[in-house]
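The values are calculated or read from the model by the stated rules, or taken from the named source; none is laboratory data. Just so it is clear, the structure is predicted and the values come from calculations on it, not from any experiment. A quick note on method: Cβ atoms are made from the backbone with ideal geometry, for glycine too, and the neighbour counts reach across all protein chains shown. With ligands, DNA and RNA removed, areas are computed over all heavy atoms of the protein, side chains included. Shrake-Rupley method; radii C 1.70, N 1.55, O 1.52, S 1.80 Å.
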Amino acid sequence: MATSKRLPPPLPFADQVAIFSRLAESNPAPETELEFVNPFTLVVAVALSAQATDVGVNKATRGLFAVADTPERMLALGLEGVTEHIKTIGLFRQKAKNVIALSRLLVEEFGGTVPDSRAALMRLPGVGRKTANVVLSCAFGHPAQAVDTHIFRVGNRTRVAPGRDVDEVERAIEDNVPARFQAHAHHWLILHGRYICQARKPRCGICPIRDLCPYEEKTA
């Protein structure tokens, strides 16, 4: 019987404090790079961002949100209207259907208001745990950890939050990152992974936590 590879231990508390203190110093108030104007438009933007870049989503949603920034207005715009606005985004046809369906559910079951619980958010079409966590964090200030490929990579490379899958990394962040940093932890980690600790060639030469990171294959 195959055995799963044992995970390395997470970094000790003192190193966690040092790492997040440096990330906080370099970016005291990190925010999502997705553009939104209210919780509803955030739900839509994050749902559209699956297998797409934030830059591409922003280009599409500027026009969309100018005419449909509530579930009611989105339903009035209709499937064809939504599709036309987001046709530059990957999987746009299915995503347009999800946007209409989640808008309808918000109107019919939640009074047109985005709910502030993970379980309720995950009932919306096209909204999974990661999307729900982004909404909880960015719209409602809840320290939810939305783990994507960047955070999965950084969590394991740095051993801030090692895990075999995104769920394990999410729990590792919650368990090991000091509470004072939890509100912004996922933003610091995703931005670090996006711009410094990149997949193919991490930019270790400009990394603010290089000396604290146990990753062996460092670049110059």
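Of note:
- Only one entry of 14, 50 meets the criterion of being farther than 25 Å from residue 116 by Cα and not polar (S, T, N, Q), and that entry is 14.
- Criterion applied to 69, 116 was being touching a Phe, Trp or Tyr at 6+ places or on another chain (Cβ under 8 Å), open to solvent by 60 Å² or more (accessible area, probe 1.4 Å) and in a loop (DSSP other than H, G, I, E, B), and the one residue passing it is 116.
- Only residues that are open to solvent by 60 Å² or more (accessible area, probe 1.4 Å), touching a residue at least 24 places away in the same chain (Cβ under 8 Å) and closer than 20 Å to residue 39 by Cβ were counted in the stretch 72-95, giving 2.
- Residues satisfying the stated conditions in the stretch 84-113, i.e. in a loop (DSSP other than H, G, I, E, B) and hydrophobic (A, V, I, L, M, F, W, C): 89, 91
- If you go through the stretch 179-202 and pick out every residue that is among the β-branched types (Val, Ile, Thr) and without any contact (Cβ under 8 Å) to a residue 24 or more places away in the chain, you end up with 1.
- Here residue 43 meets the list (1) surrounded by 20 or more Cβ atoms within 10 Å (Cβ to Cβ); (2) in contact with a Gly (Cβ under 8 Å, 6 or more places away or on another chain); (3) touching a residue at least 40 places away in the same chain (Cβ under 8 Å) almost entirely, failing just condition (2).
- Counting only helices (runs of 4 or more DSSP H) that sit completely within the stretch 120-220, those holding 2 or more residues that are under 18 Å from residue 33 (Cα atoms) and open to solvent by 70 Å² or more (accessible area, probe 1.4 Å) correspond to 129-140.
- Looking across the stretch 96-108, the residues that are touching a residue at least 12 places away in the same chain (Cβ under 8 Å) and out of contact with any His (no Cβ under 9 Å at 6 or more places or on another chain) come down to 97, 98, 99, 100, 101, 102, 103, 104, 105, 106, 107.
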